[in-house]
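Participant: If you scroll down you'll find the structure; I have some questions about it.
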Amino acid sequence: MTRPGRDEDPDRLYTVTRGRSRASSDAFDLVTLVVSESDATPGMQSEHSRILRMCQYPTAVVEVSAELKLPVTVVRILLSDLLDSGLITARHPQTAGSAAHLPDSNLLEQVLVGLRNL
Amino acid sequence: MDSATSDRPAHRTPLGRSADNGLKIVVVGGFGVGKTTMVRSVSDIRPLNTEEVMTRAGEQVDDVSAIQGKTSTTVAFDFGRITLNERTVLYLFGAPGQERFWFLWDRLFTGTLGAVVLVDTRRLADSWYAIDRLEHHGTPFIVARNDFGGPQHSAEQVRDALDLSEDVPMIDCDARSRPSSKNVLITLVEHLHALSTAQESAQ
């Protein structure tokens with residue numbers, strides 16, 4: 001298996017996003033969990049159908065990127081399309097924000113319990 | 001198997017339906033220091049690999065038009081996943097620490113809980129840049145010395161070489177070992193918890 005997108009034809013990436021170079025929304029963090037709200041329909045762009053099938057269970061943006069073998073940038077654009085059409089919902093991380101802001105201690109306690117139970 | 005799951009390879013284990021909070025921890029270090037090994041040791045899933053595109057200047061990385069020209073380059077990174085409870089999922093990213101990869105921090109790893117700087121004591125200088133940038137960003141971190149069986153340095157010697165402040169925890173680890181790697185993550189989160197508790201009580 002080759003690394004995703006490594007030998008990707010740039011023109012193909014451009015075609016996938018239909019020429020757009022930016023997502024309409026900055027809403028998608030790497031770990032935003034995406035959930036399908038609709039089934040794929042015939043005639044839909046194949047990347048959109050694949051995302052809808054993949055996200056029947058919550059799936060992080062970065063997992064979608066790895067699975068589709070497309071750069072995160074391109075995946076964000078595809079996800080924006082689906083979000084704008086109401087075909088997916090996005091569960092954003094509750095800690096995203098300024099880098100200098102520490103997460104609250106209750107959340108960190110939950111993380112510790114989870115790690116100790118591994 | 002019904003057709004709805006045909007897109008899901010056998011190795012892909014879905015999260016539970018109630019998962020709603022993704023968290024990030026980044027493991028940073030020089031080439032070959034064991035970042036992917038550590039991610040693999042603790043991840044619930046086989047580590048995955050993806051990439052992001054940047055311009056040579058490290059700008060406009062969310063601009064696909066950059067891919068068109070020869071001015072762009074791509075950076076690959078690995079990640080793994082740990083389900084902590086029915087709502088919370090921790091993603092672990094292995095990220096290169098070299099200067100030209102640092103845009104990942106600005107553009108992708110904002111909002112990370114904290115970082116593990118994985119060091120090889122035979123090549124401590126590889127970690128200098130990463131530590132500088134973490135301090136600059138105000139991202140809390142710990143240092144984990146991966147055991148490569150090289151000459152033993154005292155903790156003092158390593159702290160001196162890294163110019164590490166006393167309040168940054170430093171531990172030894174074996175990235176190939178799940179219990180050891182798990183202990184590294186627990187040490188980081190305990191450190192974060194101490195910082196967070198201190199900040200909350202100061203308010």
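Participant: Show the residue pairs meeting these rules: Cβ distance below 7 Å; 6+ apart or different chains; first residue within the range B:168-188 and more than 18 Å from residue B:148 (Cα to Cα); second residue of a type in the set (S, T, N, Q).
Facilitator: What qualifies is B:169/B:187.
Participant: Could you tell me which numbered condition residue A:86 fails, if it satisfies all but one of (1) surrounded by fewer than 20 Cβ atoms within 10 Å (Cβ to Cβ); (2) at negative phi?
Facilitator: (2)
Participant: Could you check the range A:2-115 for helices (runs of 4 or more DSSP H) lying wholly inside it with 2 or more residues that are modelled with pLDDT of 90 or more?
Facilitator: A:46-54, A:61-68, A:72-84
Participant: Further, regarding this structure: Can you tell me which residues in the range B:160-178 are surrounded by fewer than 18 Cβ atoms within 10 Å (Cβ to Cβ), more than 9 Å from chain A (Cβ to nearest Cβ) and either within 19 Å of the chain's Cα centre (by Cα) or of a type outside the set (A, V, I, L, M, F, W, C) (or both)?
Facilitator: Once the filter is applied, which keeps residues that are surrounded by fewer than 18 Cβ atoms within 10 Å (Cβ to Cβ), more than 9 Å from chain A (Cβ to nearest Cβ) and either within 19 Å of the chain's Cα centre (by Cα) or of a type outside the set (A, V, I, L, M, F, W, C) (or both), the range B:160-178 yields B:160, B:163, B:165, B:166, B:167, B:168, B:169, B:170, B:171, B:172, B:176, B:177.
Participant: When residues of the range B:189-203 are filtered for being touching a residue at least 60 places away in the same chain (Cβ under 8 Å) and either outside any helix (DSSP H, G or I) or more than 7 Å from chain A (Cβ to nearest Cβ) (or both), how many remain?
Facilitator: The qualifying residues number 1.
Participant: Examine the range B:99-109 for a residue that is surrounded by 19 or more Cβ atoms within 10 Å (Cβ to Cβ), touching a residue at least 60 places away in the same chain (Cβ under 8 Å) and either hydroxyl-bearing (Ser, Thr, Tyr) or outside any helix (DSSP H, G or I) (or both), and state whether such a residue exists.
Facilitator: There is at least one residue in the range B:99-109 that is surrounded by 19 or more Cβ atoms within 10 Å (Cβ to Cβ), touching a residue at least 60 places away in the same chain (Cβ under 8 Å) and either hydroxyl-bearing (Ser, Thr, Tyr) or outside any helix (DSSP H, G or I) (or both).
Participant: If you don't mind, another one. Which residue pairs have Cβ atoms closer than 8 Å, lie 6 or more positions apart in sequence or on different chains, and pair a first residue in the range A:102-118 that is within 7 Å of chain B (Cβ to nearest Cβ) with a second residue that is in a helix (DSSP H, G or I) and of a type in the set (Ser, Thr, Tyr)?
Facilitator: That search, which allows pairs on different chains as well, returns A:102/B:196; A:103/B:196; A:104/B:196; A:105/B:196; A:105/B:197; A:108/B:196.
Participant: Here is a further query. In the range B:1-39, which residues are in a helix (DSSP H, G or I) and at pLDDT 75 or above?
Facilitator: The answer is B:35, B:36, B:37, B:38, B:39.
Participant: Of the residues in the range A:58-70, how many are within 7 Å of another protein chain (Cβ to nearest Cβ), in contact with a Pro (Cβ under 8 Å, 6 or more places away or on another chain) and within 17 Å of residue B:107 (Cβ to Cβ)?
Facilitator: Of the residues in the range A:58-70, 1 are within 7 Å of another protein chain (Cβ to nearest Cβ), in contact with a Pro (Cβ under 8 Å, 6 or more places away or on another chain) and within 17 Å of residue B:107 (Cβ to Cβ).
Participant: Further question: Tally the residues that are at the interface with chain B (Cβ under 8 Å from one of its Cβ atoms) and touching a Gly at 6+ places or on another chain (Cβ under 8 Å), restricting the search to the range A:31-57.
Facilitator: Of the residues in the range A:31-57, 4 are at the interface with chain B (Cβ under 8 Å from one of its Cβ atoms) and touching a Gly at 6+ places or on another chain (Cβ under 8 Å).
Participant: For the range A:62-83, what are the residues that are surrounded by fewer than 23 Cβ atoms within 10 Å (Cβ to Cβ) and touching a Lys or Arg at 6+ places or on another chain (Cβ under 8 Å)?
Facilitator: A:67, A:68
Participant: Name the single residue, out of those in the range B:110-125 being within 14 Å of another protein chain (Cβ to nearest Cβ) and either buried (at least 20 other Cβ atoms within 10 Å of the Cβ) or touching a residue at least 60 places away in the same chain (Cβ under 8 Å) (or both), that is farthest from residue B:176 (Cα to Cα).
Facilitator: Within the range B:110-125, the match that is farthest from residue B:176 (Cα to Cα) is B:111.
Participant: Considering every residue within the range B:126-135, establish whether at least one is in contact (Cβ under 8 Å) with a residue 12 or more places away in the chain, crowded, with 16+ Cβ neighbours inside 10 Å and within 14 Å of chain A (Cβ to nearest Cβ).
Facilitator: yes
The values are calculated or read from the model by the stated rules, or taken from the named source; none is laboratory data. Every value quoted in this text rests on a predicted model; they were computed, and no experiment measured them. Cβ atoms come from the backbone with ideal geometry, glycine included; neighbour counts cover every protein chain shown.
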